[in-house]
Amino acid sequence: MDTTTIVLLLTGIVVVSIVIIVLSQMRERARIERARKITAQEDTYNRAHRLLTEIPGQYLTPDLKLLILKRMEEACHELQALKSNLPVAQWLEAITQAKKAVMESQDSRPPVRIDSPEKASYVKELLQNLFRMIEGMHKSGSINAATAKKNLKYVLFLVHKTHADLHVFQARDYVRQNQIRKAIHAYHLASTEMGKSKDNPLALKAVKSFRTRIKELEAMSTNGKDGSKASLSKLDREWDHFLQDDEWKKKADYDD
């Protein structure tokens, strides 16, 4: 075997080795990228599921529920395309059943009382994640601008209501302790929070109610009445069912 043949043979071996290494690296990169995409879509599904199950029941309108379910469904379809080993078929079946329940008004969720700063912060975090989810769906073309605007505005209203809920809880506690001036201040804070959504008729209703409650407490303070003996006011009872007030929901137009 002459020198030229040996050189060509060695060159061929090197080239084949390089091709094998490159192909192996490409397959490994493809495997890693596929695993990354599966993890990302699984995280997307889990985050949306968390929003659906952990945001207080009184906050989630049918529109918001359907948006969250749509995001979960999109993640499932991506996982199917990636041939994931996750139980995607079961998830899709559960999503279908949940959508049906929402559209038939069969999806009732218990309200959650915002009675601590920690709970208020946690709910606010969930709502901020929901806000980002809706923004992402709009940027990806999953929902149109009008749908995004309507729901983003409502989520901002819910963030303000979360703070107002906490102030109302604190105000009631102050009334029970006969600390009327502190209670009045807490209702003022609640009114300020709801005033941040002044383009929302529900928020305007809340501000008006808080002002009326403040006047009641000011009269109580002037007359020297013991707030600890006062029963829960009508306005407080209305606040407890604020987002279940169907008449006000029908009047609300979040696109204005």
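Read-outs throughout are calculated quantities, based only on the coordinates presented, and are distinct from any laboratory measurement. This is a predicted model, so every value here is computed, not measured. Every residue, glycine as well, gets a Cβ built from its backbone with ideal geometry; the counts of neighbours run over all protein chains shown.
General observations
- With Cα atoms as the point set, region 98-229 shows a radius of gyration and Dmax of 18.2, 60 Å.
- Solvent-free Debye scattering, log10 I(q)/I(0), computed from the Cα coordinates of the chain at q = 0.10, 0.11 Å⁻¹: -0.63, -0.72
- Residues considered: Leu23, Leu152, Leu204. Largest GNM mean-square fluctuation over the chain, using C-alpha springs under 10 Å, is found at Leu23.
- Dipole orientation for the chain: of the candidates Gln25, Gln179, Ala164, Gln179 has the Cα lying most toward the positive pole (charges on Cβ; Lys, Arg +1; Asp, Glu -1).
- Normalised by the number of residues in the chain, the mean separation of alpha-carbon contacts (under 8 Å, six or more apart) gives a relative contact order of 15 percent.
- Applied to region 143-150, the Karplus parametrisation 6.51 cos²θ - 1.76 cosθ + 1.60 on θ = phi - 60° returns per-residue 3J(HN,Hα) values of 10, 7, 5, 5, 5, 4, 4, 4 Hz, with x for Gly and Pro.
- Fraction of the pair-distance distribution of region 17-70 above 16 Å, Cα-Cα pairs, percent: 59
- Range of Cα positions in region 65-152 per principal axis (Å), largest first: 44, 28, 28
- Max-minus-min Cα coordinates of region 1-145 on each principal axis give 88, 35, 30 Å, with the largest extent listed first.
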